[in-house]
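Scroll down for the structure; my scribbles are underneath it.
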Amino acid sequence: MLKSSNHILVIRLSAMGDVAMSVPVLRALTEQYPDTKITILTRAFFSPFFRDLKNVRVFPADVKGKHKGVLGLYKLSKELKSLKIDAVADLHYVLRSRILKFFLFGKQCNQIDKGRAEKKALVSGKIFRQLKTTHQRYADVLEGLGFKLDLSNPVFPNKSNLNEKTQALIRLGSRKMIGIAPFAAHEGKVYPLDLMKKVIVALSKDYKVILFGGGAKEITILNDLEESLDHVINIAGKLSLDEELDVISNLEVMLSMDSGNAHVAAMLGVKVVTIWGVTHPYAGFAPFNQPEDFAILSDRNQFPEIPTSIYGNKYPENYKEASGSISPETVIEKIKSIL
């Protein structure tokens, strides 16, 4: 049995949303077991996610460089052994993490149960019910190491102060700020752009709309929206991740697809409205600590095979714009009701 003063290695290497979902769980661990030391093994890029957690340090894994392949993982295990780890909580449980745990032989280990059979049954239509959340699956891993967690009364960091560069970019003023992240990794999860523009136009009349995105194509689309509308500001590609987190912490609400931005906002205690296309919250990936009705769902009478996949990467061709069954008015009214 581990002691509360032990040192736990937590493995969660990717992706952005999955790493962000670990933050509320680790925050609960630090609050409920303040003597426990935690090292999170993840990509260096994600380090800012953990910036306000007590007794948590990030150990960056360079899986495309010096920690690549079996030899690289062996080198990584040697580096980790010097930290005097007592146990390993594997929140990722992929081949890479399994090999690494083999090299860390002798340490107490527990890994996530991803619930693959249940999720397969959900996607196939054999069941249609709420599965265990990813946050609870993470907490179960830690409970298996002796750290029972209560996620029902979470604490969150205070709103961040914005530096001068960020204030100048978003033109800080008296309007309440709404974040909108209109993209996702797969098309089947994205709200049709013409409908999203109607949402942005309506909300920008009364609020300041801050746009979030990633790649060059997305940034071009967001820049066009910014240039054509008042009180709309695109910050994609203009700030560091640290600075983006500062902005998100100051939002009144974030509107996101079933994507990483939803989980980043939720880990900071921000209210999150999500739009769901071919995926569904029942798979366990709803943002942390959000009311059920903050998830706006596609019409399953029109699209009865939803969820067509867990991650939104597989769907019938005519399901690509399933989220188009949600009217802009529904989205606008939900956000206004929260504000």
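One line per residue, one yes/no per condition, for (1) in a strand (DSSP E or B); (2) under 16 Å from the mean Cα position of the chain (by Cα); (3) in contact (Cβ under 8 Å) with a residue 24 or more places away in the chain:
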site: SER14; (1), (2), (3): no, yes, yes
site: MET21; (1), (2), (3): no, yes, yes
site: ASP35; (1), (2), (3): no, no, yes
site: GLY72; (1), (2), (3): no, no, no
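For SER323, are the conditions met, namely being small (Gly, Ala, Ser), open to solvent by less than 20 Å² (accessible area, probe 1.4 Å), farther than 30 Å from PHE156 by Cα and part of a loop (DSSP other than H, G, I, E, B)? Considered against the rule, which asks whether it is small (Gly, Ala, Ser), open to solvent by less than 20 Å² (accessible area, probe 1.4 Å), farther than 30 Å from PHE156 by Cα and part of a loop (DSSP other than H, G, I, E, B), SER323 comes out as no. Filtering VAL264, VAL232 for residues that are more than 27 Å from LYS120 (Cβ to Cβ) and surrounded by fewer than 24 Cβ atoms within 10 Å (Cβ to Cβ) leaves a single hit, VAL232.
Restricting ILE335, ILE306 to those that are of a type outside the set (Asp, Glu), touching a helix residue (DSSP H, G or I) at 6+ places or on another chain (Cβ under 7 Å) and not in a helix (DSSP H, G or I) reduces the list to ILE306. Among the residues of region 296-316, some residue qualifies, meaning at least one is in contact (Cβ under 8 Å) with a residue 24 or more places away in the chain, surrounded by fewer than 24 Cβ atoms within 10 Å (Cβ to Cβ), within 25 Å of TYR207 (Cα to Cα) and within 19 Å of the chain's Cα centre (by Cα). Go through (1) surrounded by 15 or more Cβ atoms within 10 Å (Cβ to Cβ); (2) out of contact with any Leu (no Cβ under 6 Å at 6 or more places or on another chain); (3) in a loop (DSSP other than H, G, I, E, B); (4) among the hydrophobic types (A, V, I, L, M, F, W, C) one by one and return the number of the condition PHE46 breaks. Checking PHE46 against (1) surrounded by 15 or more Cβ atoms within 10 Å (Cβ to Cβ); (2) out of contact with any Leu (no Cβ under 6 Å at 6 or more places or on another chain); (3) in a loop (DSSP other than H, G, I, E, B); (4) among the hydrophobic types (A, V, I, L, M, F, W, C), the one that fails is (3). Considering region 221-244 alone, what residues qualify as being in contact with a strand residue (DSSP E or B) (Cβ under 7 Å, 6 or more places away or on another chain), within 19 Å of LEU172 (Cβ to Cβ) and assigned to a helix (DSSP H, G or I)? Once the filter is applied, which keeps residues that are in contact with a strand residue (DSSP E or B) (Cβ under 7 Å, 6 or more places away or on another chain), within 19 Å of LEU172 (Cβ to Cβ) and assigned to a helix (DSSP H, G or I), region 221-244 yields only GLU226.
For ASP62, the criteria (1) modelled with pLDDT of 95 or more; (2) closer than 28 Å to ASP258 by Cβ hold in every case but one, which is (2). A single member of LEU251, LEU193, LEU211 is within 15 Å of ALA181 (Cα to Cα), free of Cβ contacts under 8 Å to residues at least 40 places away in the same chain and crowded, with 18+ Cβ neighbours inside 10 Å, and it is LEU211.
The values are calculated or read from the model by the stated rules, or taken from the named source; none is laboratory data. Since the model is a prediction, treat every value here as computed from it, not as a measurement. Here Cβ is always computed from backbone atoms with ideal geometry, including for glycine, and neighbour counts include all displayed protein chains. Remember, those area values only see protein heavy atoms, side chains included, never the ligands or the DNA or RNA. Shrake-Rupley method; radii C 1.70, N 1.55, O 1.52, S 1.80 Å.
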